[in-house]
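The values are calculated or read from the model by the stated rules, or taken from the named source; none is laboratory data. Just so it is clear, the model here is predicted, and its values are computed rather than measured. Here Cβ is always computed from backbone atoms with ideal geometry, including for glycine, and neighbour counts include all displayed protein chains. Side chains included, ligands, DNA and RNA excluded: accessible areas come from the protein's heavy atoms. Shrake-Rupley method; radii C 1.70, N 1.55, O 1.52, S 1.80 Å.
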Amino acid sequence: MNIIELQDVHVTFHERHKTVEAVRGVSLKIEQGEIFGIVGFSGAGKSTLVRTINLLERPTQGRVLIDGKDITAATGDELRKLRRNIGFVFQSFNLIDNITVGANIAFALKAGGVDKAAWHDRTVELLKLVGLDSKIDSYPSSLSGGQKQRVAIARALANNPQILLCDEATSALDLETTEEILALLKRINAEIGITIVFITHQLDVAKQIFDHVAVMEDGQIVEQGETFDVFSAPKHPTTKSLVDRYLGIAIPPQLVPSLPAGTIVELRYRGDGALEPLISDVTRQYGVSINVLHGDVEYFGPKPIGTLIVLVDGPAETLAAALNTLKTHVYSYRELDRKQLAQPARGDGQQGEE
Ligand SMILES: Nc1ncnc2c1ncn2[C@@H]1O[C@H](COP(=O)(O)OP(=O)(O)OP(=O)(O)O)[C@@H](O)[C@H]1O
Ligand SMILES: [Mg+2]
């Protein structure tokens, strides 16, 4: 069952001197109870797209369906009900600073039309869910970033929404706190079955919690599917670039001139299959030498993706065949250029991992 469906959604902004097509014809389906991720570089249109789900941004064209119902034109009561059914968590927490944590949550309950008599118990229940019931009388300013985000999550869940939208909800947090918040979201997803749509440009967030992922670039979805599949065999250049930034392991440039002769190759492989058997087979069969320069394994959910940089050298007659055998046994094969490797790393102007 698709709880969210976007059909050919466009969002165009008109500014004085120009028109920005922030979202250009996006169609996607999000299943009830899953954690769906949207990744992409800065300016890709991720926030704008997600804001159409609760009509914070109205599509200029296309349709938004929630639970199979077209809500694109919702106003008044229907819009209020829709917003109550969709919680929103932001990078910047957006808590009200001059009232207590408890009052922040009561504020959402009031907005959701909950009886005043029930506010206290429900507030305690929500704060327990995020492990912060001891902070009910504290002010947001006395909380850490992770605690503020927990309160924001509790507040977003106040009216039992079916959907939780998270826009870079962990991007302002350090690594450890990010892990805590992701674990909390995963637990909430499992316990109450809420559907989560999570935007991030951090692949280490994506790989931990997304069931499905869509990659956005220039207002469009350029690739989507199961998270491991998309990141273990990226097809679109944007996905490749995101994965490269994340999995890319570099040889220190100053070491490159002293490397022995040979072809430097980056191999990526999926699954548990270690590459040692392949490497010793190829070495034996073709009489080439293969030196491992660097290796790393990253887990996407429970599944590993390995990256290995090797230096292959041998007789001209067999070298090409040896390289070709390597190529056919990995999902990604790339010969690296020595001159480029020897240059110090440089940014290309796009926003990457923190
Ligand atoms: N209210 C607005 N008025 C005009 N242009 C806008 C507005 N909101 C967004 N844009 C433009 O739309 C494009 C997409 O912006 P959006 O914020 O959706 O990208 P994003 O993928 O969320 O980026 P980031 O990762 O930096 O948050 C950008 O070019 C942005 O400048
Ligand atoms: Mg954004």
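Among residues belonging to segment 167-193 that are of a type in the set (V, I, T) and open to solvent by less than 20 Å² (accessible area, probe 1.4 Å), point out the one that is farthest from the chain's Cα centre (by Cα). Selected residue: I188.
Taken over segment 115-133, residues that are crowded, with 16+ Cβ neighbours inside 10 Å and touching a residue at least 12 places away in the same chain (Cβ under 8 Å) amount to 8. Of the residues in segment 275-299, how many are touching a residue at least 24 places away in the same chain (Cβ under 8 Å) and basic (K, R)? Here the count works out to 0. If you go through segment 183-201 and pick out every residue that is over 21 Å from D133 (Cβ atoms) and hydrophobic (A, V, I, L, M, F, W, C), you end up with 4. When the residues of segment 35-54 are filtered to those that are open to solvent by 10 Å² or more (accessible area, probe 1.4 Å) and closer than 17 Å to I163 by Cβ, the one that is farthest from ligand 1 (Cβ to nearest atom) is R51. Here K18 passes the criteria (1) within 16 Å of ligand 1 (Cβ to nearest atom); (2) modelled with pLDDT of 95 or more except the one numbered (2). Among the residues of segment 55-92, the ones that are within 16 Å of ligand 2 (Cβ to nearest atom) and either free of Cβ contacts under 8 Å to residues at least 60 places away in the same chain or farther than 23 Å from I181 by Cα (or both) come to 2 in all. For segment 198-251, the set of residues classified as at pLDDT 95 or above, within 16 Å of ligand 2 (Cβ to nearest atom) and either within 25 Å of L293 (Cβ to Cβ) or open to solvent by 30 Å² or more (accessible area, probe 1.4 Å) (or both) consists of E217, D218, Q220, I221, listed by residue number. In the set (1) under 28 Å from the mean Cα position of the chain (by Cα); (2) modelled with pLDDT of 95 or more, the condition left unmet by S92 is number (2). Taking the conditions (1) closer than 29 Å to V205 by Cα; (2) at pLDDT 90 or above in turn, G314 satisfies each one other than (1). Among the conditions (1) under 25 Å from A206 (Cα atoms); (2) surrounded by fewer than 18 Cβ atoms within 10 Å (Cβ to Cβ); (3) touching a residue at least 60 places away in the same chain (Cβ under 8 Å), the only one that E21 does not satisfy is (1).
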